[in-house]
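Visitor: Mind looking over this structure? Questions follow.
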Amino acid sequence: MATEYRFYHLTRHDTFTALPALLEKCRERDLRVIVKVDTQERSEDLCVRLWTYRDISFLPHGNAQDGQGDQHPIWITHLSDVPNNATVLFQTFGSELDGDKTPFELVCTLIEDGDEAAVLAARAGAKNLQADNEKVVFWQQGAQGWQQVS
């Protein structure tokens with residue numbers, strides 16, 4: 001299985017604002033997702049925001065506090081658990097994939113514009129992936145939405 005790596009440079013919104021729309025796209029395609037965050041507290045914050053980010057809809061999700069990970073199409077964690085057989089990973093808030101190999105078909109890394117350390121780490125990670133002949137795609141927020149950049 002070949003993995004595609006996407007880097008999303010958030011120049012107009014923060015992660016809490018941009019992530020729900022990306023997760024909605026995954027749900028439209030019936031994809032199961034892991035959202036990796038940096039801390040348990042961030043996991044709780046994100047769970048609350050996914051319930052309240054829009055008045056007319058919500059994204060079905062859970063985390064360790066909810067349990068039953070295999071029942072949730074979106075699982076939010078600061079660990080390396082994949083209880084829902086996800087094929088998509090979102091790395092957020094500087095979290096990184098553990099280990100050398102990924103079980104995911106798609107790995108998306110969200111980088112907030114003001115976080116210079118995350119920007120530099122993402123550039124280095126992307127460079128290493130390209131050196132290993134992995135498929136790497138860069139996206140940036142623009143006035144008209146997401147734009148693919150080289």
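Visitor: Please go through segment 26-37 and give me each residue that is part of a helix (DSSP H, G or I) and open to solvent by less than 40 Å² (accessible area, probe 1.4 Å), ordered by number.
Guide: So in segment 26-37, the residues part of a helix (DSSP H, G or I) come out as 26-28.
Hit for segment 26-37 is Cys26, nothing else.
Visitor: Let me ask something else about it. All but one of (1) surrounded by fewer than 16 Cβ atoms within 10 Å (Cβ to Cβ); (2) touching a residue at least 24 places away in the same chain (Cβ under 8 Å); (3) farther than 29 Å from Ala143 by Cα; (4) touching an Asp or Glu at 6+ places or on another chain (Cβ under 8 Å) hold for Gln40; which doesn't?
Guide: (4)
Visitor: Follow-up question, since we're still on this one. For the structure I just gave you, tell me whether Asn128 is open to solvent by 70 Å² or more (accessible area, probe 1.4 Å), touching a Lys or Arg at 6+ places or on another chain (Cβ under 9 Å) and of a type in the set (S, T, N, Q). Even if it seems obvious, please write down each step before you answer.
Guide: Values: open to solvent by 70 Å² or more (accessible area, probe 1.4 Å): yes; touching a Lys or Arg at 6+ places or on another chain (Cβ under 9 Å): no; of a type in the set (S, T, N, Q): yes.
In short, no.
Visitor: Moving on to the next point. Can Asn85 be described as out of contact with any strand residue (DSSP E or B) (no Cβ under 7 Å at 6 or more places or on another chain), open to solvent by 80 Å² or more (accessible area, probe 1.4 Å) and under 22 Å from Asp30 (Cβ atoms)? Spell out the reasoning first.
Guide: Numbers: out of contact with any strand residue (DSSP E or B) (no Cβ under 7 Å at 6 or more places or on another chain): yes; open to solvent by 80 Å² or more (accessible area, probe 1.4 Å): yes; under 22 Å from Asp30 (Cβ atoms): yes.
Considered against the rule, which asks whether it is out of contact with any strand residue (DSSP E or B) (no Cβ under 7 Å at 6 or more places or on another chain), open to solvent by 80 Å² or more (accessible area, probe 1.4 Å) and under 22 Å from Asp30 (Cβ atoms), Asn85 comes out as yes.
Visitor: Report, ordered by the first and then the second residue, all pairs with beta carbons closer than 6 Å, sequence separation of six or more or different chains, a first member in segment 95-123 that is at pLDDT below 90 and surrounded by 15 or more Cβ atoms within 10 Å (Cβ to Cβ), and a second member that is of a type in the set (Val, Ile, Thr) and not in a strand (DSSP E or B).
Guide: Final answer for the pair search is Ser95/Val37; Thr102/Thr3; Asp113/Thr11.
Visitor: Moving on. What number of residues in segment 20-63 are of a type in the set (A, V, I, L, M) and farther than 14 Å from Thr77 by Cβ?
Guide: Applying the first criterion (of a type in the set (A, V, I, L, M)) to segment 20-63 yields 21-23, 31, 33-35, 37, 46, 48, 50, 56, 59.
Checking the rest, the ones that are also farther than 14 Å from Thr77 by Cβ come to 21-23, 31, 48, 56, 59.
Within segment 20-63, residues that are of a type in the set (A, V, I, L, M) and farther than 14 Å from Thr77 by Cβ number 7.
Visitor: A further question follows. Of the conditions (1) touching a Leu at 6+ places or on another chain (Cβ under 7 Å); (2) closer than 22 Å to Arg123 by Cα; (3) surrounded by 19 or more Cβ atoms within 10 Å (Cβ to Cβ), Glu4 clears all except one; give me its number.
Guide: Only one criterion is unmet by Glu4, namely (3).
Visitor: Next question, about the same structure. Which of the residues that make up segment 46-73 are of a type in the set (D, E, K, R), without any contact (Cβ under 8 Å) to a residue 24 or more places away in the chain and assigned to a helix (DSSP H, G or I)? Give the derivation first.
Guide: Residues of segment 46-73 that are of a type in the set (D, E, K, R), as a first pass: 49, 54-55, 66, 70.
When the remaining residues are screened for being without any contact (Cβ under 8 Å) to a residue 24 or more places away in the chain, the result is 55, 66, 70.
Scanning segment 46-73 gives a single hit, Asp70.
Visitor: Take Asp38 and decide whether it is touching a Phe, Trp or Tyr at 6+ places or on another chain (Cβ under 9 Å) and of a type in the set (Asp, Glu). Steps first, please.
Guide: Numbers: touching a Phe, Trp or Tyr at 6+ places or on another chain (Cβ under 9 Å): yes; of a type in the set (Asp, Glu): yes.
Judged against the criteria, Asp38 is a match.
The values are calculated or read from the model by the stated rules, or taken from the named source; none is laboratory data. Just so it is clear, the structure is predicted and the values come from calculations on it, not from any experiment. Neighbour counts run over all protein chains shown; Cβ positions are idealised from the backbone, glycine included. The accessibility values were calculated without ligands, DNA or RNA, using every heavy atom of the protein model including side chains. Shrake-Rupley method; radii C 1.70, N 1.55, O 1.52, S 1.80 Å.
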